[in-house]
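Below is one structure, written out as structure tokens; comments come after it.
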Ligand SMILES: C[S@@+](CC[C@H](N)C(=O)[O-])C[C@H]1O[C@@H](n2cnc3c(N)ncnc32)[C@H](O)[C@@H]1O
């Protein structure tokens, strides 16, 4: 059956079309023939499960909210093009890592079919809207106030006010929220059910972002708001020297996340372990007694760098340890323990020991019990080297200064890159083979951290990172160093980081390459006359697209059809004609599809058991209406089941 499809059709889009589609799909009984929603039917359904309908609520509103919802619902306006010369280099050929150049809203929309519910972790560090970070609202959509009023469902006056700020490079809270809402909305669709998103932010927009995320992800899916000490040396405030920022964490579905982690709680490595151990060795070298060292360590762990070692103040031949309770139970073992220091019996904890006599004797013989010279309750030794991980803390006091030295080593000047160690810390929370997405790439810290962490723990994490080709300031160091856009910085950082990791880990066999794609505008004239497509008599004699443009079309189609960028297209020769197969989709985009090609296609479908496409996509401009019909008739006139079930889609 021949179907027509317009790839980037926004003619029916409104600010709630996606939600309506979901509602119609799952609650068709709540709609009448004319498409009206019958609310009492929904009340019945909801009421059956004991849920109460509430008319009380609060919500975040701003000028531009309906426009932001419209943007979230629109199809992309661009195509996706491959950087072939980069992608065919040996290291990148098989890479599953992606760097995509373009406006992230466009990119997220392109990814939304192929990567729907497949991303485990998103980290973003968006513009904080500090007033000096250069954030201004910028989009090139050209609506009239009448159009916007109709599509976004707002009155004409409101539409005018929205257009005033979308077209005037504003940086108000409303402008920032309008920028963030559609990006978060589409990003949510990419997350797996137990996926998590981490968003760095500071006081300028933290309050707005929290409420926005409550709306997009659901308040019940809030995980934590981490406070990260930045130890800012700038004392620009008259009153309080602000030395922290935030990282908000949400999950897509808290119940699924909880279920996944019932027996495997989140854990991250303790920070600065080597430095702490080195300090202890230094104190020993200085000839301090054990008691004196313990006192020194108590002071040292008051500093943020060593906060993770609070209580790890004691050591023996095995190493550093902290003391832990041997009691803390109700009906424990009441048999007393012999204290080898006092040579007396120690007191028993009020509820008894948590371990039986045999276990306690074994622990004592192995020198795993800390006895006290004053005869107070004995404690168990918890060694640092046996407890290198801990639950992530809501106050992160480590990794405070930006990695300027690291970037200097790469000869890359960039303001405020995130700390590599902070990124590695949060990336290490989840599984080792996840896809990690960062759609505000900047200097590419997330990509660097993914590769570095893989090299350190043998993981197979993959990254997708997105950066717009934002021009660098002509007076900036970056510009002087030859980086004309931030995208060039991102690319250079990932390449240099990959090189460094390879040199430092010669045995590491993991993926240190990456593929590059970019958004590209639709060609002039393409899709200009969608209206005339309905005219069946119109004959197309082939588009004027060259091979590279047709490849771009194929890449875009592939993503649209839910096929990941890493999935290769397989060339299928149909007589002289070149078609392409990916998963169950056969693409015919070139012109010149002959009767002989059609014959070969039917023979192949008939005789080749491994050739089983479920749909054929034709690029409409390269197939005349006559040709489309021929193909449709030929395919449907065969009795072969494979052919009858084949969808034929003409796409423009
Ligand atoms: C705060 S920086 C991210 C810094 C990054 N975390 C790092 O460690 O280097 C935000 C980045 O997002 C980029 N950006 C802003 N708007 C964008 C958009 N619409 N699409 C893609 N990138 C964007 C900016 O160019 C900037 O590089």
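The values are calculated or read from the model by the stated rules, or taken from the named source; none is laboratory data. In this text the structure is predicted, and so the values were computed from the model without any measurement. Backbone-built Cβ (ideal geometry, glycine too); neighbour counts: all protein chains shown.
Go through segment 56-111 residue by residue and tally those that are outside any helix (DSSP H, G or I), farther than 18 Å from residue 468 by Cα and within 14 Å of the ligand (Cβ to nearest atom).
Number of matching residues: 0.
Which of the following residues is more than 13 Å from the ligand (Cβ to nearest atom), over 25 Å from residue 562 (Cβ atoms), modelled with pLDDT of 95 or more and surrounded by fewer than 18 Cβ atoms within 10 Å (Cβ to Cβ): 153, 218, 131?
218
Looking at 38, 45, 80, 6, which is the one that is more than 30 Å from residue 176 (Cβ to Cβ), at pLDDT 85 or above and touching a strand residue (DSSP E or B) at 6+ places or on another chain (Cβ under 9 Å)?
Criteria check complete, one pass: 38.
Filter segment 483-498 for residues that are away from the ligand (no atom under 14 Å from the Cβ) and either touching a helix residue (DSSP H, G or I) at 6+ places or on another chain (Cβ under 8 Å) or touching a residue at least 12 places away in the same chain (Cβ under 8 Å) (or both) and give the result.
Across segment 483-498, the qualifying residue is only 498.
May I ask you to list the residues in segment 389-408 that are surrounded by fewer than 13 Cβ atoms within 10 Å (Cβ to Cβ), more than 23 Å from the chain's Cα centre (by Cα) and touching a residue at least 24 places away in the same chain (Cβ under 8 Å)?
Once the filter is applied, which keeps residues that are surrounded by fewer than 13 Cβ atoms within 10 Å (Cβ to Cβ), more than 23 Å from the chain's Cα centre (by Cα) and touching a residue at least 24 places away in the same chain (Cβ under 8 Å), segment 389-408 yields 389, 401.
Only one residue in 438, 431 is in contact with a strand residue (DSSP E or B) (Cβ under 6 Å, 6 or more places away or on another chain) and touching a residue at least 24 places away in the same chain (Cβ under 8 Å), so which one is that?
438
For segment 191-203, does any single residue satisfy the condition of being assigned to a helix (DSSP H, G or I) and either away from the ligand (no atom under 13 Å from the Cβ) or more than 30 Å from residue 562 (Cα to Cα) (or both)?
Taking every residue of segment 191-203 in turn, none turns out to be assigned to a helix (DSSP H, G or I) and either away from the ligand (no atom under 13 Å from the Cβ) or more than 30 Å from residue 562 (Cα to Cα) (or both).
Pairs, please: C-beta under 6 Å, at least 6 apart or cross-chain, first residue assigned to a loop (DSSP other than H, G, I, E, B) and in segment 122-138, second within 8 Å of the ligand (Cβ to nearest atom) and modelled with pLDDT under 90?
Listed pairs, sorted by first residue: 127/133.
Output the residues belonging to segment 190-208 that are under 17 Å from the mean Cα position of the chain (by Cα) and buried (at least 18 other Cβ atoms within 10 Å of the Cβ).
Result: 190, 191, 192, 194, 195, 196, 197, 198, 199, 200, 201.
Touching a strand residue (DSSP E or B) at 6+ places or on another chain (Cβ under 6 Å), modelled with pLDDT under 95 and not assigned by TED's automatic domain parsing to the domain that holds residue 190: which single residue out of 595, 555, 610, 600 fits that description?
Residue meeting the stated conditions: 600.
Which condition number does residue 258 fail, the rest of (1) at pLDDT 95 or above; (2) in contact with a helix residue (DSSP H, G or I) (Cβ under 8 Å, 6 or more places away or on another chain) being met?
All conditions pass for residue 258, except number (2).
If you go through segment 365-388, how many residues are touching a residue at least 40 places away in the same chain (Cβ under 8 Å) and closer than 14 Å to residue 341 by Cα?
Of the residues in that region, 6 qualify.
Do we find that residue 12 is more than 30 Å from residue 521 (Cα to Cα) and loosely packed, with under 15 Cβ neighbours inside 10 Å in this structure?
For residue 12, the condition - more than 30 Å from residue 521 (Cα to Cα) and loosely packed, with under 15 Cβ neighbours inside 10 Å - is not met.
Out of segment 452-470, which residues are assigned to a helix (DSSP H, G or I) and away from the ligand (no atom under 14 Å from the Cβ)?
453, 454, 455, 456, 457
Given (1) within 16 Å of the ligand (Cβ to nearest atom); (2) in contact with a strand residue (DSSP E or B) (Cβ under 7 Å, 6 or more places away or on another chain); (3) farther than 19 Å from residue 452 by Cα, identify the lone condition not met by residue 413.
The number of the failed condition is (2).
Considering only segment 392-399, I want to know if a residue exists there that is touching a strand residue (DSSP E or B) at 6+ places or on another chain (Cβ under 7 Å), within 16 Å of the ligand (Cβ to nearest atom) and assigned by TED's automatic domain parsing to the domain that holds residue 470.
Yes, there is a match, as at least one residue in segment 392-399 is touching a strand residue (DSSP E or B) at 6+ places or on another chain (Cβ under 7 Å), within 16 Å of the ligand (Cβ to nearest atom) and assigned by TED's automatic domain parsing to the domain that holds residue 470.
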